[in-house]
């Protein structure tokens, strides 16, 4: 059983030297998704277990959040005291109707947005990684480095859910 994302607690105490590994995790999320969904048909990728999101909706959600990540980089650059808050109701994801989109479009959009995020982080001064602002939901100071870790953990959370869906989807024997 996977812990609910909003109940996760984080210790923001990693050394800045982990940046290359964290950025590699974040950069690799689209490729990991592509590997997971390879040769899966639309019925499998659109399957909604109960009232939960489908795999396509999870991918769309990750792409939807790139705007938030970009905005938080801006917040750090502007030196704001508290980072902008995420929409905890996920209105953008619910309104997007990701199941009506092709898997190629969803993955391509995510890859494109994520590459911008990664390249932006790769271009910053290393001292910027230690800049701190308050995370609004966690109500604790977060460095830029911690935000990258947070994004990587969030990616992994959704990838784990997608894997769980693949393990229970009806007719999974004939997915291709």
For this session: Mind giving me the FRET efficiency for residue 134 and residue 102? R0 is 41 Å, r the Cβ-Cβ distance, nearest 0.05 is fine.
Result: 0.55
For this session: Before anything else, pin down the relative contact order of the chain: Cα pairs under 8 Å, at least 6 apart, normalised by residue count, whole percent.
Result: 36 percent
Exercise. Pairing the Cα long axis of helix 19-37 with the longest principal axis of the chain, what angle in degrees results, from 0 to 90 and rounded to the nearest 10?
Worked result: 10 degrees
Problem set entry | Angle in degrees between helix 55-64 and the longest Cα principal axis of the chain, rounded to the nearest 10 | 30 degrees
For this session: May I ask you to list the residues of the range 76-104 whose amide nitrogen lies under 19 Å from a point 7 Å from Cα along the Cα→beta-carbon direction of residue 16?
Result: 76-80
Exercise. Taking the inverse of the average 1/r across all pairs of different Cα atoms in the chain, what Kirkwood radius in Å do you get?
Worked result: 17.0 Å
For this session: For the chain, find the longest principal axis of its Cα atoms and tell me its angle to the long axis of helix 144-168, 0 to 90°, nearest 10.
Result: 10 degrees
For this session: Report the label-to-label distance for residue 124 and residue 5 in nanometres (one decimal), using points 7 Å from each Cα along the Cα→Cβ vector.
Result: 2.0 nm
Seminar exercise, completed: With only helices counted (DSSP H, runs n ≥ 4, each -39500 (n - 2.57)), the per-residue ellipticity at 222 nm for the chain, to the nearest 500, works out to -18000 deg cm²/dmol
Seminar exercise, completed: Cβ density ranking, 10 Å radius, fewest first, applied to 3, 59, 33 yields 3, 33, 59
Seminar exercise, completed: The convex hull of the Cα atoms of the range 1-101, divided by residue count, gives a volume in Å³ per residue of 153 Å³
Exercise. Top mean-square fluctuation among 36, 142, 88, Gaussian network model of the chain, C-alpha springs under 10 Å?
Worked result: 88
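Rule-based calculations on the coordinates, nothing more; no lab input. As the structure is a prediction and not an experimental result, all values here were calculated from the model. In this analysis, Cβ positions are derived from the backbone assuming ideal geometry, glycine residues included, and neighbour counts consider all displayed protein chains.
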